[in-house]
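Chemist: Before I ask anything, here is the structure I am working with.
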Amino acid sequence: MSEEDKKPINQQPIYSPFHFYEQDYLKLEPVILDDEESQALNEEANLQRKIVMILKKIKDPEIPDNIFDLGLIYDLDLKDLDLHVKMTLTAPNCPVADQIQPHLQENLEKFIPELKKVTIELVWDPPWHKDLMSEEAKLELDLF
């Protein structure tokens, strides 16, 4: 029996299957708009459409698609230029759970400066499942 095995269970190291992902692969990509996308965003008068445009630029780091088409956005409540977003994650133990909310808020505020306040609420009910994905995302990920 190794010295590690002799330690009480609460003192033994925890090995995560995501350990190597956390360090090397699971990083939230910066949102970058090309000239055409910037122009479309600037010309768009409808604030709801602007919000969706930005949400579709934020990629899930585990599943190669955007958070909007993956069905992670449950509700967008826009009142007097205050935006409240209800969203979920694909799993409660998502390795970037603590990073996605500030990343989302930062990008919405950066690209849509007319918003006075952006609040992101993480919810778990209903739990996310693949049926919440858009048809486009399902096709892209070959989930039919």
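The values are calculated or read from the model by the stated rules, or taken from the named source; none is laboratory data. Remember, it's a predicted structure, so these values are computed and weren't measured experimentally. Neighbour counts are summed over all protein chains in view; Cβ atoms, including those assigned to glycine, are modelled from backbone coordinates with ideal geometry.
Chemist: Of 98, 131, which residue is within 11 Å of the chain's Cα centre (by Cα), part of a helix (DSSP H, G or I), surrounded by fewer than 17 Cβ atoms within 10 Å (Cβ to Cβ) and among the charged types (D, E, K, R)? It would help to see each step written out before you state the result.
Modeler: Details: 131 fails: within 11 Å of the chain's Cα centre (by Cα).
The match here is 98.
Chemist: When both residues are 6+ apart or on different chains and their Cβ atoms are under 6 Å apart, which pairs have a first residue that lies in the range 27-46 and is free of Cβ contacts under 8 Å to residues at least 12 places away in the same chain, and a second that is surrounded by 11 or more Cβ atoms within 10 Å (Cβ to Cβ)?
Modeler: Final answer for the pair search is 44/50.
Chemist: Starting from the range 123-144, keep only residues that are closer than 14 Å to residue 68 by Cα, then list their pairs with residues that are part of a loop (DSSP other than H, G, I, E, B) and of a type in the set (Phe, Trp, Tyr) whose Cβ atoms are within a distance under 7 Å, requiring at least 6 positions of separation or different chains.
Modeler: Close Cβ pairs satisfying both conditions: 138/144.
Chemist: Report yes if residue 35 is at pLDDT 80 or above and exposed (fewer than 11 other Cβ atoms within 10 Å of the Cβ), otherwise no.
Modeler: Values: at pLDDT 80 or above: yes; exposed (fewer than 11 other Cβ atoms within 10 Å of the Cβ): yes.
Spelling it out, residue 35 is indeed at pLDDT 80 or above and exposed (fewer than 11 other Cβ atoms within 10 Å of the Cβ).
Chemist: Among the candidates 83, 72, which residue alone is surrounded by 19 or more Cβ atoms within 10 Å (Cβ to Cβ), farther than 17 Å from residue 135 by Cα, in contact with a strand residue (DSSP E or B) (Cβ under 6 Å, 6 or more places away or on another chain) and aliphatic (A, V, I, L, M)? Full working, then the answer.
Modeler: Numbers: 72 fails: farther than 17 Å from residue 135 by Cα.
The conditions single out 83.
Chemist: Against the definition (more than 12 Å from the chain's Cα centre (by Cα), surrounded by 12 or more Cβ atoms within 10 Å (Cβ to Cβ) and more than 22 Å from residue 32 (Cα to Cα)), how does residue 141 come out, yes or no? First the steps, then the outcome.
Modeler: Working: more than 12 Å from the chain's Cα centre (by Cα): yes; surrounded by 12 or more Cβ atoms within 10 Å (Cβ to Cβ): yes; more than 22 Å from residue 32 (Cα to Cα): yes.
Yes.
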